[in-house]
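Since the structure comes first, as structure tokens, the remarks are kept for the end.
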Amino acid sequence: MEKPDKLILRLIEEAKGRQGTLFYILNGIIKEIGYIPEDAVMLIAESLNISKAEVYGFLSFFKNYNADVESDRAYRKIIVCKSESCEASGSKQLLEHIKTSLNLDFGKYSFDGKYFLDYVYCFGHCSSSPVVKVDGLLYEKVTPETFDEIIKKLPEPDVKNSDFINIADLKNTKNYRKSIIFKRCGNINPLSVEDYVNAGGFSALKRVVAEIKSSGDDGKLLFINELKRSKLRGRGGAGFSAGIKWETVFKEKFGVKYIICNADEGDSGAYADRIILENDPMSVIEGMIIAALITGAEYGYIYLRSEYARTKSILENVLSLLKKTDYLGKNILGLGLGFDIDLITGAGSYLCGEETALMESIENKRGTVRMRPPVPAVSGLYGQPTVLNNVLTFAYAAYIFKDNSNLEYFLSLGTENSKGTMPFQVSGAVKNSGIFELPFGVTLKEVLNLAEAYESAKMVQIGGPLGAYFSLNDEFLNLKLSYEDVSEKGGMLGHGGIIVFDNKTDLKYRLLSSLDFFIDESCGKCAPCRIGTVRVKELFERVLKKQNIEENLKIIDDILESMKNLSLCGFGAGIHMPVRSLLAFYKNEIKT
Ligand SMILES: Cc1cc2nc3c(=O)[nH]c(=O)nc-3n(C[C@H](O)[C@H](O)[C@H](O)COP(=O)(O)O)c2cc1C
Ligand code: SF4
Ligand code: FES
């Protein structure tokens, strides 16, 4: 095995000229030896000419670097998903079983030193939850019984071998009726440029190149206007107009410009980004290349969450394939304009899905949120104009630009303010979990029917951990799934995840788990969120002890209101949605 100092020096050398240098080096160390040795901090700081405090500040921010175990210690690492969809599918009972049968607790070894237990907030395999990772292998639909079987059959531990997954889950991708961007998934080889081209891929890019060749900036404006006309809204959660974002970057006349694809997909219950990146990655890349040619960017980055090991390997392969063609590189399709894409892998922070925290982390800083304005389109990565969009937004842009009939079809679907389709990702208490790409405006009931929700289904959470919980009564079953309709009912559509909970859901446990998540993931930059998350949990614990229930619930509500109005980003500002809606359920439960 390579000696740690040699390994670190090699990684530092390889990282030169890349963005996301610290991620590259530290992720490389973790992959090879499982923890960050004390000496690494000094070595990295000296080599990169930054302070030790900066390196230490960075690595202490990210969950993946917290391990302090010696590499040669024989242990089996068990990582359990603690998030909503897994909970709705039985992870609470599973976790109790793991803890009692192996004498374990989070962050601790078993008595015999053989097992180590850790947790993650969502593996992005929610349609097959509960999910557990043991020694680098991901197991889906795990029950206490199958867990015992897994443990019995384990081969000798191999700390390094953490990059593959044992179950393909394309079977869970449903291409229902109005499928637009998921149409190719499962029907082409994701690693074949030929397959992609034969299935209509790169037609939009060719159209854009031809138009820019003949009309220059007027050609670029034509596409910006098409994008604005399509009313495409970013699919990462906030639903901002993609056309306005691209136009802003196009209009910036100075500086290096960047394209960033946000593939951090941290929402529990969300996995559409992963599925498309693994099965039709070139559609996303095509959207990024088009964005670059139109706005004048030369460098692009896909920022991928670290939990997506298989996605990472597919993307590495696809990018290296495309770099050998003229779809990427110095002279795209003979246009005389260049664009290249690199992959950056994060290190276990939900908050780094927020666009400014994401860019901070690429710049080797802790993943904390920046003040806005300026928005990233004006001052993004390294203060330069940056188009930062979600994975799906780029795929939709490539679809829309292919030809006029695609644009018209897109416009014909959906509601007034939410055009086109959304891949709704359903999991939890349903028979038929998976992705249903349907037009906006479909009702919750229709989606739940397609997913065959259990009769015992009691409530849903829409839009990830910051989304509201809705009771499955007539009012909410008829709720139209669009940005505007869901927010009118006090929630948010977010990235389109829908987690179904049955009537056995332990609401107290649900509330405490989500409060733990908020405390864990707050970046700490602003006081309302940093302090508010902790205070809300303390007060709720008092409620559980039946201490001044009404008074404490009132204080919780006041704090949530302050967080909503005063937090710096959507994380603190959004916490009131799940907490208030859950408390409403819980209040009914403790009163009955
Ligand atoms: C706490 C938090 C987490 C977020 N996580 C993600 C994410 O994982 N993926 C994503 O695309 N957007 C995420 N966003 C939204 C991004 O900040 C940003 O709005 C989005 O990536 C822009 O792309 P879009 O316009 O295509 O949606 C998050 C926002 C917040 C406040
Ligand atoms: S709201 Fe929370 S996550 Fe957002 S900036 Fe403030 S402390 Fe950070
Ligand atoms: S894999 Fe557990 S909630 Fe997503």
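The values are calculated or read from the model by the stated rules, or taken from the named source; none is laboratory data. Just so it is clear, the structure is predicted and the values come from calculations on it, not from any experiment. All Cβ positions, even for glycine, are placed from backbone atoms using ideal geometry, and neighbour counts span all protein chains on display. Ligands, DNA and RNA are excluded from the accessible area calculation, which covers all protein heavy atoms including side chains. Shrake-Rupley method; radii C 1.70, N 1.55, O 1.52, S 1.80 Å.
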If r is the Cβ-Cβ distance from residue 101 to residue 371 and R0 is 51 Å, what FRET efficiency results, to the nearest 0.05?
-> 0.55
Would you please put 221-230, 291-300 in order of how densely packed they are, using the mean number of other Cβ atoms within 10 angstrom per residue and starting with the highest?
-> 291-300, 221-230
Segment residue 325-residue 417, extension gain: residue separation times 0.36 nm, minus the distance between their alpha carbons = 29.3 nm
How far, in nm, would the chain grow between residue 241 and residue 51 when pulled straight, counting 0.36 nm per residue and subtracting the alpha carbon separation?
-> 64.4 nm
Nearest 20 debye, what's the magnitude of the dipole of the range 507-591 about its Cα centre given +1 on Lys and Arg Cβ and -1 on Asp and Glu Cβ?
-> 140
For each cysteine in the chain, check whether another cysteine's C-beta sits under 4.7 Å from its C-beta; list those where none does.
-> 122, 126, 185, 261, 352, 523, 526, 529, 569
Between residue 558 and residue 509, the FRET efficiency computed from the C-beta separation at R0 = 30 Å comes out, to the nearest 0.05, as 0.75
Efficiency of FRET from Cβ geometry, residue 404 and residue 198, R₀ 22 Å, rounded to 0.05 | 0.50
Please work out whether the range 255-402 counts as rounded, prolate or oblate from its C-alpha gyration tensor, where a ≥ b ≥ c are the square roots of the eigenvalues and a/c under 1.5 means rounded, while otherwise a/b larger than b/c means prolate and anything else oblate?
-> oblate
Sulfur and carbon atoms: percent of accessible area, the range 4-65 [1.4 Å] = 51
Of 16/63; 6/63; 16/133; 220/253; 525/554, which sit over 21 Å apart, Cα to Cα?
-> 16/63; 6/63; 16/133; 525/554
Starting from the Cα of residue 516, step 7 Å along the direction of its Cβ; do the same at residue 221; then give the gap between the two resulting points in nm.
-> 5.7
Report the semi-axes of the equivalent ellipsoid for the range 475-549 in whole Å, largest first, where each axis is √(5λ) for an eigenvalue λ of the Cα gyration tensor.
-> 27, 19, 12
Ranked from the most accessible area to the least, with a 1.4 Å probe and all protein chains present, what is the order of 537, 431?
-> 431, 537
For labels at residue 191 and residue 317 in the simple 7 Å Cα→Cβ model, what's the distance in nm?
-> 0.2
Determine the gain in length on full extension of the stretch residue 5-residue 38; use 0.36 nm per residue of separation and subtract their C-alpha separation, reporting nm with one decimal.
-> 10.8 nm
Rounded to the nearest 20 Debye, what is the dipole magnitude of the chain about its Cα centre when Lys and Arg each give +1 and Asp and Glu each give -1 at the C-beta?
-> 680
